[in-house]
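None of the figures in this text is laboratory data; all of them are computed from the coordinates on show. Quick caveat: nothing in here was measured; it's all calculated off a predicted structure. Counting neighbours? That spans all protein chains shown, and the Cβs are built from the backbone with ideal geometry, glycine included.
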Amino acid sequence: MASSISPSASGPFASAPARPGRAVTATAVLTILACVGFALVNVVFELTDRFSGGAYADYADGLAVMNWLVVGLKIVGAGVALLSVAPERRWAPAPLVAVLGWAGFATLGVYGLGSVVQALGLATGMTGDPGRIGAGAVAYVLFFLLFAAGFGTLAVSHTRRHRIRARVAVVGFLGAPLLLGGVFVGIPALLAALGVMPPL
């Protein structure tokens, strides 16, 4: 008696993951462009010595380290966005890509929501001068929220297409506060301890 093969069967008869739709592919392209474009901003900062003078002069060396670190993270983000819609590779298994995708979504989401809370605090006068909120600040917050939405779309699509368990998303979410804490607290503290820049 022949046995039926379920769509989620493993082995040589397992069904291949469905290809991403056009909307998901377009989201991946836009997310990659956003990552690369945003990384270029940091590169321009370094090439033009933006922080070598003025109020940030004492922190120039430390900010240079931070800038190049952020460039690396953004390039990694572009790679994750690409892998989320590309065929699975042996060196980049689907669960790993899923973890990184959810981590990217959570990191940008937490940062974006934090910026919204900060903006609301300024708008109500609770944390500063409401006049500090301009069109540029609003555009910055909206950009990060859309950025996060892009990673969220890719993470959901990739997880569903590869039938990855929900706990993988949880692992990715747990990585977000660790990454943000490392970038905004851990690295500056280490640089200050090494004497690269004064304590913040």
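Diffusion of the range 12-62 by Stokes-Einstein, at 37 °C in a medium of 0.692 mPa s and with Rh set to the Kirkwood radius over alpha-carbon pairs, works out to 227 µm²/s. Dipole magnitude for the range 59-172: about 660 debye, using +1 per Lys or Arg Cβ and -1 per Asp or Glu Cβ, origin at the Cα centre. Segment Ala92..Leu73, full-extension length gain: 5.1 nm, with 0.36 nm per residue of separation and the alpha-carbon distance subtracted.
Our summary of shape: the Cα atoms of the range 113-200 have principal axis extents of 47, 38, 20 Å, ordered from largest down, in whole angstrom. Among the trypsin sites (Lys or Arg not before Pro) within the range 54-161, those in coil by DSSP and having at most 11 neighbouring Cβ atoms inside 10 Å are Arg90. Across the chain, the volume of the C-alpha convex hull divided among the residues equals 156 Å³ per residue. Over the range 73-123, the reciprocal of the mean inverse Cα-Cα separation, the Kirkwood hydrodynamic radius, stands at 12.3 Å. Relative intensity of the range 48-143 on a log10 scale, I(q)/I(0) at q = 0.19, 0.20, 0.21, 0.22 Å⁻¹, equals -1.05, -1.07, -1.09, -1.10, per a Debye sum over C-alpha point scatterers of equal strength in the absence of solvent.
Excluding the site residues themselves, the longest part of the chain lacking any chymotrypsin sites (Phe, Trp or Tyr not before Pro) in a DSSP loop with at most 13 other Cβ atoms within 10 Å is 92-200. Charged side chains reduced to their Cβ positions (Lys and Arg at +1, Asp and Glu at -1) give the chain a dipole of some 1060 debye around its Cα centre. Between Thr48 and Ala166, the modelled labels are 4.7 nm apart [label points 7 Å from Cα along Cα→Cβ].
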